[in-house]
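As structure tokens, the structure follows; a few thoughts come after it.
The values are calculated or read from the model by the stated rules, or taken from the named source; none is laboratory data. Remember, it's a predicted structure, so these values are computed and weren't measured experimentally. So basically every Cβ, Gly included, is an ideal-geometry build from the backbone, and we count neighbours across all protein chains shown. Accessible surface areas use protein heavy atoms only, side chains included; no ligands, DNA or RNA. Shrake-Rupley method; radii C 1.70, N 1.55, O 1.52, S 1.80 Å.
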Amino acid sequence: MSTVLYWAGMGLFVAFFFSLCIFVHELGHLLAALWRGLVVEKFSVGFGKRLWGFRRHGVDYQVSMIPFGGYVALPQLDPSEHPTASDGRPLPHAKPLDRIIAALAGPLFNILFGFLLGFVVWWAGVYKPAKATWCDVYKVPAEAPEYAAGLRPDDRITRVNGQSFTGGWPEVTERIVLTTGEVTLTVRRGAEVKEFSYRPKANPDTEGLGYPFFKVRSPTVLRTVLPNSAAAAAGLKPGDQIVSVNGEAVEDTQDFIARIRASAGQPMRLLVERQGQRLPVNGVQARSEQVAGQAIYRIGAEIDAPWVLTHPTPVDQLCEVWQKTRDTLKSLFSRDSLVKPRHMSGPIGIVQVIAVKVSHGVRDGLAFIVFVSFSLALLNLLPIPVLDGGHILLAVVEWVIRRPVPVRVAYLLQNAFAILLIGFMLYVTFFDLRRSGKIWKMIRPEPAAEAPAKAAPPAAPAKAPVPAPGPAPAK
């Protein structure tokens with residue numbers, strides 16, 4: 001029963017906040033249009049068949065069958081000199097300023113909504129990787145482009161494309177994936193500082209993105225040690241960072257847990273880092289426990305990567321979304337990049353990622369809703385016909401030339417881009433469905449009553465191919 005409630009609650013959270021982002025956007029259009037005296041025919045929450053509604057001051061307010069999305073029918077946003085209502089009656093041509101305000105209000109309301117939720121995230125905090133200004137290379141396949149460039153195990157990466165970083169491996173991978181042209185890694189090898197440049201190669205494990213082929217050591221930390229456990233008996237303490245097992249370096253939490261299971265109860269020699277010092281811990285002997293009818297070896301400790309609770313201001317959150325959106329679009333439209341339209345996400349992909357984030361905690365879920373709301377605003381402001389930015393562009397052109405844009409030109413642009421946008425949405429939706437299996441595997445199931453060895457951090461794993469933000473959900 002608790003599992004059913006867990007999934008039901010997560011589903012309601014995803015549906016409510018995703019739909020709320022779009023509702024707020026359309027509400028902005030509605031209020032601005034009414035303020036400027038434009039004709040509003042319909043305000044619909046959802047698409048499809050009308051389920052319920054009422055009519056007030058000439059506006060048909062309705063709730064439709066398909067709950068995701070919604071729209072406002074504003075016939076006077078039509079750039080022609082003689083717009084008409086849905087029933088064919090002629091309407092007065094709206095002034096450019098009125099059309100600009102009505103179109104701009106949707107993205108503006110998304111930004112305001114993002115700031116509102118952003119204050120909640122600022123107050124409650126959100127988990128992010130602990131500050132890390134370097135990454136230690138663990139393994140470099142001989143056939144990898146990084147190996148050909150000169151990168152080797154035990155190199156310490158300190159800069160990417162000449163810039164330092166503070167977000168550790170997640171930030172490093174993001175910069176590499178979104179790089180156009182060659183990637184330059186600055187590394188420290190002993191006392192030497194070297195630079196290696198290479199052109200990223202499509203990685204089949206991440207749908208052809210230029211994801212690094214080399215691996216780095218992700219810190220593996222004991223968050224808690226259970227009393228009377230194997231870990232406590234060996235002298236392990238909370239906060240210990242696992243460096244190696246039986247003389248072999250540990251790559252990450254999953255690697256450490258796999259070695260514990262593979263030990264089958266045989267004593268292990270660990271090297272741990274404790275308060276800046278490296279100490280040997282010998283005789284760590286995992287104990288067998290029955291889990292779902294199988295014998296699993298555990299040491300009795302919660303194992304995690306170092307994550308910290310941060311409190312980014314709403315302005316910081318907006319700046320982060322702006323930077324990610326800018327870099328993603330730059331890579332998408334560059335010929336010298338491996339980022340392609342198939343790597344973007346439509347509504348289905350966005351809902352899936354929201355579900356992943358919510359499964360790792362309400363904090364992560366709310367932070368991603370802020371990301372979606374800000375992204376919806378920024379992407380809708382692109383000067384593309386059929387988007388809000390396109391309506392604003394046509395109105396500005398009319399304002400400058402002091403006459404409406406020729407109807408034939410305006411309709412040609414709108415129809416062409418409408419077909420392109422619909423085609424693009426269908427295209428990315430196809431890939432959203434293809435990657436659904438991978439995405440849903442990232443959802444953390446309902447926590448067990450006792451989890452002696454837990455590997456998952458409080459956010460989506462950095463190595464998972466999370467879709468980049470794509471086009472705004474259709475109105």
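Taking a 1.4 Å probe, which of H93, H57, H311 shows the most accessible area, and what order do the others take after it?
Heavy-atom accessible area, descending, gives H57, H311, H93.
Give a residue-ordered list of calculated ³J(HN,Hα) values for the stretch 238-250 (Karplus: 6.51 cos²θ - 1.76 cosθ + 1.60, θ = phi - 60°; whole Hz; x for Gly, Pro).
Along the stretch 238-250, the couplings run x, x, 5, 9, 7, 9, 8, 10, 6, x, 9, 4, 8 Hz.
Tell me the accessible surface of L236 in square angstrom (1.4 angstrom probe, heavy atoms of protein chains only), to the nearest ten.
About 10 Å², ignoring ligands and nucleic acids.
Using 0.36 nm times the number of residues separating R50 and A202, minus their current alpha carbon distance, what extension gain do you get?
On the way: separation 152, 0.36 × 152 = 54.72 nm, distance 4.64 nm.
Here the answer is 50.1 nm.
Quick check on the chain: helices-only [θ] at 222 nm, where DSSP H runs of length 4 and up contribute -39,500 (n - 2.57) each and the sum goes over total residues. Nearest 500, please.
-13500 deg cm²/dmol
What does the net charge come to around A73 if you take all other residues with beta carbon closer than 10 Å to its beta carbon, with K and R at +1 and D and E at -1? Write down the numbers at each step before the final one.
On the way: positive: K42; negative: E41, D60.
Here the charged neighbours net out to -1.
Measure nothing but the geometry: give the 0 to 90° angle between the long axis through the Cα atoms of 388-401 and the longest principal axis through the Cα atoms of the chain, rounded to 10°.
40 degrees
Could you report the stretch 231-344's accessible area per residue, 1.4 Å probe, as an integer in Å²?
About 53 Å² of surface per residue is accessible.
Out of residues 5 or more away from A132 or on other chains, whose amide H comes under 5 Å of its own, with H placed 1.01 Å from N in the peptide plane?
Long-range HN contacts for A132: G167, G168.
Sort E302, E174 by heavy-atom solvent-accessible area, probe 1.4 angstrom, most to least. Walk me through the numbers on the way to the answer.
Values: E302 45, E174 75 Å².
Greatest to least solvent exposure: E174, E302.
For the stretch 141-157, what does the Karplus curve 6.51 cos²θ - 1.76 cosθ + 1.60, with θ = phi - 60°, yield as ³J(HN,Hα) per residue in whole Hz, taken in order and with x for Gly and Pro?
x, 5, 8, 6, x, 5, 5, 4, 6, x, 5, 9, x, 6, 5, 10, 7
Using only alpha carbon pairs under 8 Å that are at least six residues apart, calculate the relative contact order of the chain and give it in whole percent.
Numbers: 900 pairs, mean separation 84.1, N = 475.
It comes to 18 percent, rounded to a whole number.
With the Cα gyration tensor of the stretch 58-188 in hand, convert its eigenvalues to equivalent ellipsoid semi-axes via √(5λ) and list them largest first in whole Å.
Working through the eigenvalues yields semi-axes of 53, 20, 15 Å.
Within the accessible area of the chain, what % is carbon and sulfur when the probe is 1.4 Å and the other protein chains stay in place?
With neighbouring chains kept in place, the figure for the chain is 62 percent.
So for the stretch 63-121, averaging the separation of alpha carbon pairs under 8 Å that are six or more residues apart and normalising by length, what relative contact order in percent results?
Details: 26 pairs, mean separation 11.4, N = 59.
Relative CO of the stretch 63-121 lands at 19 percent.
Please list the non-local residues whose amide H lies under 5 Å from the amide H of G53, H modeled 1.01 Å from N, same-chain partners needing a gap of 5 or more.
The list, which skips near neighbours in sequence, is V63.
Give or take rounding to whole Å, what are the principal axis extents of the alpha carbon atoms in the stretch 201-315, in descending order?
Extents along the principal axes, in whole Å: 45, 35, 31.
Once both axes come from the Cα atoms, what is the angle between helix 347-359 and the longest principal axis of the chain, in degrees from 0 to 90, rounded to 10?
Value to nearest ten degrees: 40.
To the nearest 10 degrees, how steeply does helix 96-124 sit against the main Cα axis of the chain, on a 0 to 90 scale?
30 degrees
Starting at the first residue of the stretch 78-89, write each ³J(HN,Hα) from the Karplus equation 6.51 cos²θ - 1.76 cosθ + 1.60 with θ = phi - 60°, in whole Hz, x for Gly and Pro.
With the stated coefficients, the stretch 78-89 comes to 4, x, 5, 6, 10, x, 10, 6, 5, 8, x, 6 Hz.
In whole angstrom, and with the biggest value first, how far do the Cα coordinates of the chain range along each principal axis?
That works out to 86, 55, 36 Å along the principal axes.
Please calculate the 1.4 Å probe accessible area of E195, with all protein chains present, and give it to the nearest 10 Å².
Result for E195: roughly 130 Å² accessible.
Once amide H atoms are built 1.01 Å from N in the peptide plane, which residues 5 or more positions from D155, or in another chain, come under 5 Å H to H?
Hits under the 5 Å cutoff: V137.
Taking the Cα centre of each part, how many Å lie between the stretch 28-42 and the stretch 173-222?
50 Å
Checking the table K139/K324; K128/K330; K128/K357; K139/K194 against a 20 Å threshold on Cα-Cα, which pairs fail?
K139/K324; K128/K330
For K324, what is the net charge nearby, where nearby means another residue's Cβ is under 12 Å from its Cβ and Lys, Arg count +1, Asp, Glu -1? Walk me through the intermediate numbers first.
Numbers: positive: R175, R326, K330; negative: E171, E174, E320, D327.
Here the count lands on -1.
Would you kindly find the accessible area of Y297, with a 1.4 Å probe and non-protein molecules such as ligands, DNA and RNA excluded, rounding to the nearest 10 Å²?
60 Å²
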